[in-house]
Every structure is written in structure tokens, then in C-alpha cells.
Amino acid sequence: MVVSHRTIRTQQADLRLSQSSGSGIPIVLIHGSGSSRAVFARQFDSSLAAAHRLIAFDLPGHGESSDADDPATAYTIAGLAQSAAQLLDSLGIDRAVVFGWSLGGHVAIELASFHQAVAGLMLTGAPPVSKGPFGMLRGFHAHWDMLLASKKAYSERDAERFEALCFGDTADPSFRQAILRTDGRLRAAVTRGMITGKGADQKQVVEQAAFPLAIVNGENDPFVRLTYFETLAYGSLWEHCHVIPNTGHAPFWEHPDLFNPLLARFAETVAEQSRDEATLAPRRTRAG
């Protein structure tokens, strides 16, 4: 198994990505605010990378990707989803499992609302809320730490606190630098866009989804209301809403031994459904 790295130019930014040489259905991993593709190291270091084409990229304004050329347009959920869509198109991916964590989960839902490549969607730490402030209040805990999600300039202390909220005491030393590197204009713009209701109605997207949808959260996530996930009328929920015990906002990092098998099983479910659809399509064509 080989992991390669490259940079892809999109309309908004140069996106740095890593991908494995696995031959199974691609799994696209989208990180959260203040993070980078490095947060998925424990997926790349697992059997997932050999079984599937894992693809992780740094969002605009994060990691080794460039800051956005037009922040007002790019630093919204819709703008970030457009960048992800251009990356998928550049890689020639027409069917994929998309995993989104935190901000990346909201980007993934937006992507799924318009891009046919999303054959299956897994969300962690990203409640699919309806538009506007009241929708956000239903999905997220309201406390002072949430202000960090929208703060433009971070001090070292802010970065330390945000790191602890995301990873507890399990963070890699590089994660703090990723937080400090992030273009702070994105935090303010994304929060403002969600409050004002820009982009797709995420609750509606998941409730009307025809593709398999997996929900996997950490038991002790400090940001999201786990009870909210049980209130949604999912269109195609995979199994049930999974909760990984003794983990916080990033269970895929904190407990990959529990998370990775879930992602592997979900990817196989999506791949099998895609194979079935491919088999039925020619029959429908001949019948028509």
C-alpha cells in the first residue's frame, strides 16, 4: 500500500491532498475547522488504506492548502463544498463514501445536496441542523466555548482550549500548529453563514437522502447534543445512530480501534449497494 501526495488547483484555492493506493470504493475524509488532513493518520495507518482509496485533503485556509482567493465566497459551507466538488471532479471520482467530521461534516452534507459522487455519507460531530439560529441551538450545546468556533484571531491560549475541546488530552503535538495556522476569516464567515441560513437545509438533506447515511458520535462530545440525532426522520439511516463510548469530539482519532471497523463496514454496505445499482441499470435500459 502506497500513500501519495499532490496539490490540486480549484477556483478558490490550491488544495493539498493525500491518497492511498487501495482499490476499493474511495473514501473521502473531510476534516474539521482548525484541523488538517493529518488528523486522519490513524485511518491511513490502518487496513482501511489498503482496502480502499482513502483521500484526505486540507480545506482552503487549512494545513498545506492555500488561503482562499475570495474569502467571502470560499469561506462558507457552500463555498467549501464547491471546492470539494472540484477536487472530486479533478480526481475523476464518480462514486465515493464521504466521511465528514465537525465542519467537514457540514461541508459533506452540502456536497451531498448537489454532487452525484456521494454514494454514502458518514457524519461525526456534525448535527444536520435546519437553517438559522434556532436550528443551530437544537443541534449544538450553547456555552461560552462555542464562541471559539467563530473567533477570527486566536491566541496561544485560545488554540490550547480549542485543541482540548476537540481532542481532550489525546492530541498530536502538530494539532496545535494546525489550529494556529488556520485562516481565522474562515471561522467567522462559516459561523455567520450558518446563523443566517446560507446553503442547503441540512436537516432536509439527510431526511430526504436516498443514499446510505451513517451517524457516529463520541459519547462525551462537548459541542453537539446527541439527543438531537434521535429526533430526525432519516431517509436511509444505516443501522442506527452509533455512539462510541469514552470518546469526545473526534472518536476516529481517540478510538480508531472502535471507529475504523464501523467505517469499513459502512463502506462495504455502500459498495455493495453501488454494485447492485450498476447491475440493475442495464436491465432497466433494455426493458425500456
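The values are calculated or read from the model by the stated rules, or taken from the named source; none is laboratory data. Source: prediction; values computed, not measured. Cβ placement follows ideal geometry from the backbone for every residue including glycine, while neighbour counts extend to all protein chains displayed. With ligands, DNA and RNA removed, areas are computed over all heavy atoms of the protein, side chains included. Shrake-Rupley method; radii C 1.70, N 1.55, O 1.52, S 1.80 Å.
List of remarks:
- Cβ-derived FRET efficiency at R0 41 Å, Asp89 paired with Tyr234, nearest 0.05: 0.90
- Annotation: peptides 219-229, 261-271, ranked by per-residue average of other Cβ atoms within 10 Å with the highest first, follow the order 261-271, 219-229.
- Heavy atoms of the protein chains alone define the surface here; on that basis the chain has 42 Å² accessible area per residue at 1.4 Å probe size.
- Rounded to the nearest 500, the helix-only mean residue ellipticity at 222 nm of the chain stands at -12000 deg cm²/dmol, with each DSSP H run of n ≥ 4 adding -39,500 (n - 2.57).
- Overall form of region 87-225 per C-alpha gyration tensor (a/c, 1.5; a/b vs b/c): prolate
- Solvent exposure ordering (accessible area, 1.4 Å, most first) of Thr182, Thr73: Thr73, Thr182
- Inter-centroid distance (Cα atoms) of region 41-76 relative to region 3-21, Å: 8
- Cβ-placed point charges (K, R +1; D, E -1), dipole of region 1-58 about Cα centre in debye, nearest 20: 80
- Local electrostatic count, Gly235, Cβ distance below 15 Å [Lys/Arg +1, Asp/Glu -1]: -2
- Heavy atoms of Lys151: accessible area, 1.4 Å probe, square angstrom to 10: 80
- Of all accessible heavy-atom area on the chain, the percent that carbon and sulfur account for (1.4 Å): 52
- Antiparallel DSSP beta bridges within the chain, percent to nearest 5: 35
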